[in-house]
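Report on the structure given below.
The values are calculated or read from the model by the stated rules, or taken from the named source; none is laboratory data. Not measured: the values here are computed from a predicted model. Quick reminder, even Gly has a Cβ in these numbers, built from the backbone with ideal geometry, and neighbours come from all protein chains shown.
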Amino acid sequence: MTAERRHFVLYVAVVAGLLMVLACMSVLSNATPSAAAPEAAPTPLSNPVHSEDAINVQWASAKVISSDTYLDAKQLINYETLDLSYTVDVASVNTTTLTIQFSNDGDNWDDGIAIASAVVADATDLQQINNFGRYTRFKVDVTNDNPITWTVLAVAK
């Protein structure tokens, strides 16, 4: 083999090696990088309330309602949660929805969750809900003028 031919073979081998290295680098750079697992969700902290700090709140006690009504607003600015209970007595069918409302000024009200939806029969429930703003009240929507009796109470914490 002549020296010229050896140099040519060596040149081709070096170029082929460089092309292989570049090809490997290209493949590796296109691979999706591995990602660490997401951080664990933080554990919620309780906001312990001493029983002497909680208050009883009453919006309605056996209140007979036969038209759309707003129960009196209560100023609950210092309380974050409500252990809310309601009892409804349906004498004759009057599909009713009870919705909590919140306000910072007592004039402009925003709907919260529907506490009881499409009630057509006697019912009672106890649930814990978040309290927002300065004032809290309830909107009672009825579908007709048949009387329906509501009791709405809470322990504000």
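Please verify whether the stretch 116-137 includes one or more residues that are touching a helix residue (DSSP H, G or I) at 6+ places or on another chain (Cβ under 8 Å) and in contact (Cβ under 8 Å) with a residue 40 or more places away in the chain. No: zero hits.
Per-residue answers, yes or no, for (1) of a type in the set (S, T, N, Q); (2) at pLDDT below 95; (3) crowded, with 18+ Cβ neighbours inside 10 Å; (4) closer than 18 Å to Q75 by Cα:
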{"position": "T95", "(1), (2), (3), (4)": "yes, yes, no, no"}
{"position": "D111", "(1), (2), (3), (4)": "no, no, no, yes"}
{"position": "S117", "(1), (2), (3), (4)": "yes, yes, no, no"}
{"position": "V120", "(1), (2), (3), (4)": "no, yes, no, no"}
{"position": "F138", "(1), (2), (3), (4)": "no, no, yes, yes"}
{"position": "N144", "(1), (2), (3), (4)": "yes, yes, no, no"}
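Every residue in the stretch 97-109 that is modelled with pLDDT of 95 or more, polar (S, T, N, Q) and not in a loop (DSSP other than H, G, I, E, B), please. Those that are modelled with pLDDT of 95 or more, polar (S, T, N, Q) and not in a loop (DSSP other than H, G, I, E, B): T99, Q101, S103. Within the stretch 61-88, being farther than 17 Å from W109 by Cβ and either loosely packed, with under 14 Cβ neighbours inside 10 Å or touching a Phe, Trp or Tyr at 6+ places or on another chain (Cβ under 8 Å) (or both) holds for S61, A62, K63, V64, I65, S66, S67, N78, E80, Y86, T87, V88.
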